[in-house]
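Below is one structure, written out as structure tokens; the observations come after it.
Laboratory data are not the source of any read-out in this text; all were calculated from the coordinates shown. For clarity, every value in this text was computed on a predicted model and none was experimentally measured. Positions of Cβ are generated from backbone atoms using ideal geometry, with glycine treated the same way; all protein chains shown enter the neighbour counts.
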């Protein structure tokens, strides 16, 4: 592992590279925060993918890619006279010190469990100067709905708004499913959409209470579906047929083969 001085030197080198790229590279010089944003979203997913796969080399690379984007945004802001990377770093340092009184404040050294910290996290954030005025105010509208639902539920939990027993949420899931069925019988589209949303929100909540990451769980199911459908497609093509020419019963039979093989 590198020394603190080596880490600071590497970060300084990245800043120097960014300076030259903005001044000497036409493509980099033409970029704005708006043009970079979609690429940043992609980099976040690539980092997430590397972490899920447990690939240390890829995780290391993707962290670097994401850091480059952060430096890029700060450089653009600096050119506009708004702020620079030091301002961003100072803000996160101040925020972390404020949010961890058990480490940096008057409660430093007092025994504190991870659960106690998690339970009071949103209350501490609410006291933060310049912070969000409401508990849910900091959740971006552009966040994917699954992650947004999970974030809302976590923040509500931090204020004590949660099920007393995790088993209770399963009753809620069944209740929401019944309401979906009822709306489907009525046939009114907006009502059906609303009830499906309620059902998905309750399922995500159940995942949270049972310690399951809904994104990971759904991702596993997507991967399983891909394996089995690919098997179905491949076997069908080898038989000289098209999926569109097969009956559902024929496709189900091959699908069951895939399941039996552990795909």
GNM, the chain, Cα, under 10 Å: largest mean-square fluctuation among 51, 85, 117? 51
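Using r as the Cβ-Cβ distance of residue 191 and residue 241, and R0 as 45 Å, what FRET efficiency do you calculate, to the nearest 0.05?
Values: r = 41 Å, r/R0 = 0.91.
Calculated value: 0.65.
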Compare 46, 193, 250 in a GNM of the chain, Cα atoms joined below 10 Å, and give the one with the largest fluctuation. 250
Once label points are set 7 Å from the Cα along Cα→Cβ at both residue 116 and residue 61, what is their separation, rounded to one decimal in nm? 4.4
What FRET efficiency would be calculated for the residue pair residue 250, residue 53, taking the C-beta separation as r and a Förster radius of 35 Å, to the nearest 0.05? 0.50
Residue among 133, 107, 235 with the largest mean-square fluctuation in a Gaussian network model of the chain, springs linking Cα atoms under 10 Å: 235
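Suppose only helical runs count, i.e. DSSP H with n ≥ 4. What mean residue ellipticity at 222 nm does that imply for the chain under -39500 (n - 2.57) per run, divided by all residues and rounded to the nearest 500 deg cm²/dmol? Walk me through the numbers on the way to the answer.
On the way: 12 runs with 195 residues, N = 263.
So the helix-based figure for the chain works out to -24500 deg cm²/dmol.
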Evaluate 2.2 N^0.38 Å with N set to the residue count of the chain, then give the Cα radius of gyration divided by it. 1.35
Cα-based helix-to-principal-axis angle, 248-260 vs the chain, degrees rounded to 10: 60
Normalised by the residues of the range 1-150, what does the relative contact order come to in percent, with Cα pairs under 8 Å and at least six apart? 12
Using Cα atoms only, what is the angle between the long axis of helix 214-238 and the major principal axis of the chain, expressed in degrees (0 to 90) to the nearest 10? 50
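For the range 221-260, what does the convex hull of the Cα positions come to per residue, in cubic angstrom?
On the way: hull volume 2.5 nm³, N = 40.
Considering the Cα atoms of the range 221-260, their hull volume per residue is 63 Å³.
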Per residue and in Å³, how big is the convex hull formed by the alpha-carbon atoms of the range 163-212? 54
